[in-house]
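Take a look at the structure below.
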Amino acid sequence: MNIEQVETFLMITETKNLSLAAKNLFVSQSAVSHRIRSLEEKLGCELLIRARGEKVVSLTLKGEEFIEIATRWKNLWNETKLWTLQESKMNLKLASIDSLNTCVFSSLYKDLINSNNAITLNVSSHWSKTIYDLIESHDIDIGLTLNSLKYPNAIAKPLFKSRGVVISSKSSKYPETVHPHDLKAADEILFSYIPEYEIWHHFWWENDQSEHSSVDTVSLLFTMFDLEEKWAVVPVWIARVFEKIHPVKISELAVEPPKYSCYQVSNRNPKPSKIKAIKKFSAALDAYMKTDVFLNSIK
């Protein structure tokens, strides 16, 4: 069964006349007859009642029943043709740590989702190790993280580095530049995604037995700084977002902690169906990192 046969049958049901159907289809009457015979052979039943000498064609019971099926078949064919002419929507699964999603790349995601660039973007937040696991298993296509971990099939591409700064309440006593010796561990709200900071932290406060508080998401961190003497060392891009939505003091460190390095992580053997979407996202990411929105966030 093909579209020509179905369209011919439906034209006959409209005109009730073989010669008129042929005229409307711009084919000969013999071509119409041949199509209908071929369709009946394919279906294994008669669709038309052929009366010698009569111009008007009538339908068998099977022919009447086939009208609805033929109409649906034609509509489905037309939808299929339209679908083949449209550019396929690319789907990209991306995962990042919470702070990068919230403070650095949210504008990029918004632009990609809002633009007509044929990418459906699915973004989630995870810990760095989970991101690498998801990359390794092909459950996500791109990862954004602050850690370069050793995985057999994961490639970590450096994107940018930024310094750590101290954030505290606007009314705190901390100066514009503060030395680690002037920061009490008991007042710290620990917030870090990189092991290098833990080593640096241990060097300065290893003899201080006071327990510090800790949080693991930016949204929780944002709720803490109406407490006057509390402080945290964070990447500068968290501090920049913080000061826009909450009064906060940003102090430089006299002894700089390790840099926060951001990486784009991908599988060295990406799914063939995802290569185009990954390239499109990477190009958009490169362009985004040259914009003032991005550059102002990491300075």
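Details
- Helices (runs of 4 or more DSSP H) completely within region 225-299 that count 2 or more residues being of a type in the set (Ser, Thr, Tyr), modelled with pLDDT of 90 or more and open to solvent by less than 30 Å² (accessible area, probe 1.4 Å): 275-288
- Qualifying position, being open to solvent by less than 60 Å² (accessible area, probe 1.4 Å), at pLDDT below 95 and either among the acidic types (Asp, Glu) or on the phi > 0 side of the Ramachandran plot (or both), among Ala118, Ala186: Ala118
- Residue within region 128-139 that is touching a strand residue (DSSP E or B) at 6+ places or on another chain (Cβ under 7 Å), more than 30 Å from Glu256 (Cβ to Cβ), among the β-branched types (Val, Ile, Thr) and not in a loop (DSSP other than H, G, I, E, B) present: yes
- Looking across region 123-137, just one residue is closer than 16 Å to Phe281 by Cβ and not hydrophobic (A, V, I, L, M, F, W, C), and that is Ser124.
- Among the residues of region 95-127, those identified as in contact with a helix residue (DSSP H, G or I) (Cβ under 8 Å, 6 or more places away or on another chain), among the hydroxyl-bearing types (Ser, Thr, Tyr) and assigned to a strand (DSSP E or B) are Ser96, Ser125.
- Hits in region 102-111 (condition: touching a residue at least 40 places away in the same chain (Cβ under 8 Å) and polar (S, T, N, Q)): Thr102, Ser107
- Scanning region 1-40 for residues that are within 46 Å of the chain's Cα centre (by Cα), part of a helix (DSSP H, G or I) and more than 14 Å from Phe66 (Cβ to Cβ) turns up Ile3, Glu4.
The values are calculated or read from the model by the stated rules, or taken from the named source; none is laboratory data. Predicted model, so just to flag it, every value in this text is computed and none were measured. Counting neighbours? That spans all protein chains shown, and the Cβs are built from the backbone with ideal geometry, glycine included. SASA here: full protein model, heavy atoms, side chains in, ligands and nucleic acids out. Shrake-Rupley method; radii C 1.70, N 1.55, O 1.52, S 1.80 Å.
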